[in-house]
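Engineer: Got a structure for you, written out below as structure tokens; questions coming shortly.
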Amino acid sequence: MAEITLKSLAHSYTDTPSGPDDYAIRQMDHVWHKGGAYALLGPSGCGKSTMLNIISGLLQPSEGDILFDGERVNELSPRDRNIAQVFQFPVIYDSMTVFDNLAFPLRNNKVPESKVKARVHEIAEVLEIEGKLYKKAKNLTADEKQKVSMGRGLVREDVSAILFDEPLTVIDPQLKWKLRRKLKQIHEQFDITMVYVTHDQLEASTFADKIAVMYGGQIVQFGTPTELFEQPNHTFVGFFIGSPGMNLIEVKRCPRGVCFGSTVVTLDDWQVELLQRLKSENIKIGIRPEFVEVSSLPSDDTFPATVVDVEDLGTYKIVTVQLDHEKLKVRQPEEFSAAQGEQIYLLFPRQWLKLYVDEFLVQEQK
């Protein structure tokens, strides 16, 4: 396994990029630490697969370096980098048995046959496909084929890292959870550096210890699932993580904080002071539906809002409310009761109300 460092890395699919919009990966520095289980999360087209292919050596970056344990590997082939990559669709040989598919990478590396047999059986046991070892791969189900594809990546003991590019795309929904847990168990057992690319936040948080969220060719935040949820560093992270995502409201400066329409939201003194120093007019506040508090009675720090819709999701309800000209989502317990058109009062607890300038979180400077 290896520590993978991206140093001043950038990539463009055009020969003469003229600006940031011409880059699939905008210049970045990032480290995937040795033995970590990571997810690379983001929407289609944000640069996830491009980054994975640069790490594996399938693609040469336009700028910057890739380092494995401090050694530059830009010119090394995927084979020489000892990288295993598992793709969206299973990459296996249908005419071979499952055993021979799993043995193939080892035999390519001239591993003694006695060791090949032991290692193949070990990986097959972990993946729960021992009973399929001597069946032709073409007779397997889609999830079994993907298990074999994963096994081909896991079977080599000298692998620097395993990269997963949305490996559960072809798997039935009821089997996805089981396979995600299996990958997590494999990581804990073998302590291999793993990077898992997905657009599904549930997949990312189930598998990874830390998640890198990509947006517009950049990693806009790298943290634990809890950090991404409670302290989103970018408006995209707030919007993309959570169901529903963070409420985001465009606001303007006011003497005591910020305002939208006739609504004034007071901020902490340090936030007001920082806003006075910053020149940008791109200002937003954000709060997650889970953190908005609701009351049937007004008080000095609440805002009157009108109930627009109530979605009953079984164990909780998502309430859509109108506050001034903004529609917000509020998560409430199952026993919440309010009719459409009814007035309720919202409280934004200070610790959960976030301030963003130019889409990035404004943080107190200590």
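The values are calculated or read from the model by the stated rules, or taken from the named source; none is laboratory data. All values reported here derive from a predicted model rather than from experimental measurement. A quick note on method: Cβ atoms are made from the backbone with ideal geometry, for glycine too, and the neighbour counts reach across all protein chains shown.
Engineer: In segment 109-125, which residues are part of a helix (DSSP H, G or I) and out of contact with any helix residue (DSSP H, G or I) (no Cβ under 9 Å at 6 or more places or on another chain)?
Structural biologist: Scanning segment 109-125 gives Ser114, Ala118, Glu122, Glu125.
Engineer: What is the residue count in segment 72-94 for residues that are of a type in the set (Lys, Arg) and surrounded by 15 or more Cβ atoms within 10 Å (Cβ to Cβ)?
Structural biologist: Matching residues across segment 72-94 total 1.
Engineer: Here's a follow-up. For residues in segment 70-87 being touching a Ser or Thr at 6+ places or on another chain (Cβ under 8 Å) and in contact (Cβ under 8 Å) with a residue 24 or more places away in the chain, which is farthest from Val148 (Cα to Cα)?
Structural biologist: Filtering segment 70-87 for residues that are touching a Ser or Thr at 6+ places or on another chain (Cβ under 8 Å) and in contact (Cβ under 8 Å) with a residue 24 or more places away in the chain, the one farthest from Val148 (Cα to Cα) comes out as Gly70.
Engineer: Name the single residue that is surrounded by the fewest Cβ atoms within 10 Å (Cβ to Cβ) among those in segment 160-176 being of a type in the set (S, T, N, Q) and in a loop (DSSP other than H, G, I, E, B).
Structural biologist: Thr169
Engineer: Exactly one condition in (1) farther than 20 Å from Gly238 by Cβ; (2) in a loop (DSSP other than H, G, I, E, B) is not met by Ile344; state its number.
Structural biologist: Every listed condition holds for Ile344 apart from (2).
Engineer: For segment 259-274, give me each residue that is among the aliphatic types (A, V, I, L, M) and more than 13 Å from Gln365 (Cβ to Cβ).
Structural biologist: Val264, Val265, Leu267, Val272, listed by residue number.
Yes or no, residue by residue, for (1) at pLDDT below 95; (2) in contact with a strand residue (DSSP E or B) (Cβ under 7 Å, 6 or more places away or on another chain); (3) within 21 Å of Asp209 (Cβ to Cβ):
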{"residue": "Ala37", "(1), (2), (3)": "yes, yes, yes"}
{"residue": "Leu41", "(1), (2), (3)": "no, yes, yes"}
{"residue": "Gly64", "(1), (2), (3)": "no, yes, no"}
{"residue": "Arg79", "(1), (2), (3)": "yes, no, no"}
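Engineer: Just the residues that are part of a loop (DSSP other than H, G, I, E, B), more than 30 Å from Ile4 (Cβ to Cβ) and among the hydrophobic types (A, V, I, L, M, F, W, C), please, taken from segment 126-159.
Structural biologist: Leu133, Leu140 - these are the residues of segment 126-159 that are part of a loop (DSSP other than H, G, I, E, B), more than 30 Å from Ile4 (Cβ to Cβ) and among the hydrophobic types (A, V, I, L, M, F, W, C).
Engineer: Please work out which residue is surrounded by the most Cβ atoms within 10 Å (Cβ to Cβ), limiting yourself to segment 131-154 and to residues that are at pLDDT 90 or above and aliphatic (A, V, I, L, M).
Structural biologist: Result: Val148.
Engineer: Any idea which of (1) more than 30 Å from Gln85 (Cα to Cα); (2) modelled with pLDDT under 95 is the one Thr206 doesn't satisfy?
Structural biologist: The number of the failed condition is (1).
Engineer: A further question on this structure: Would you confirm, using the coordinates I've provided, whether Ser44 is polar (S, T, N, Q) and either at negative phi or part of a loop (DSSP other than H, G, I, E, B) (or both)?
Structural biologist: Here the answer is yes, as Ser44 does meet what is asked.
Conditions tested, residue by residue: (1) within 23 Å of Leu346 (Cβ to Cβ); (2) at pLDDT below 95; (3) touching a Pro at 6+ places or on another chain (Cβ under 6 Å); (4) aromatic (Phe, Trp, Tyr).
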position: Gln231; (1), (2), (3), (4): yes, no, no, no
position: Arg253; (1), (2), (3), (4): yes, no, no, no
position: Phe260; (1), (2), (3), (4): yes, no, no, yes
position: Gln276; (1), (2), (3), (4): no, yes, no, no
position: Ala305; (1), (2), (3), (4): yes, no, no, no
position: Asp309; (1), (2), (3), (4): yes, no, no, no
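Engineer: Going by the structure shown, is Ile318 surrounded by 18 or more Cβ atoms within 10 Å (Cβ to Cβ), hydrophobic (A, V, I, L, M, F, W, C) and modelled with pLDDT of 95 or more?
Structural biologist: Spelling it out, it is not the case that Ile318 is surrounded by 18 or more Cβ atoms within 10 Å (Cβ to Cβ), hydrophobic (A, V, I, L, M, F, W, C) and modelled with pLDDT of 95 or more.
Listed here are the residues, each with its yes/no results for (1) surrounded by 20 or more Cβ atoms within 10 Å (Cβ to Cβ); (2) among the hydroxyl-bearing types (Ser, Thr, Tyr); (3) more than 22 Å from the chain's Cα centre (by Cα).
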{"residue": "His33", "(1), (2), (3)": "no, no, no"}
{"residue": "Tyr38", "(1), (2), (3)": "yes, yes, no"}
{"residue": "Ser44", "(1), (2), (3)": "no, yes, no"}
{"residue": "Leu52", "(1), (2), (3)": "yes, no, no"}
{"residue": "Ile55", "(1), (2), (3)": "yes, no, no"}
{"residue": "Asp65", "(1), (2), (3)": "no, no, yes"}
{"residue": "Gly70", "(1), (2), (3)": "no, no, yes"}
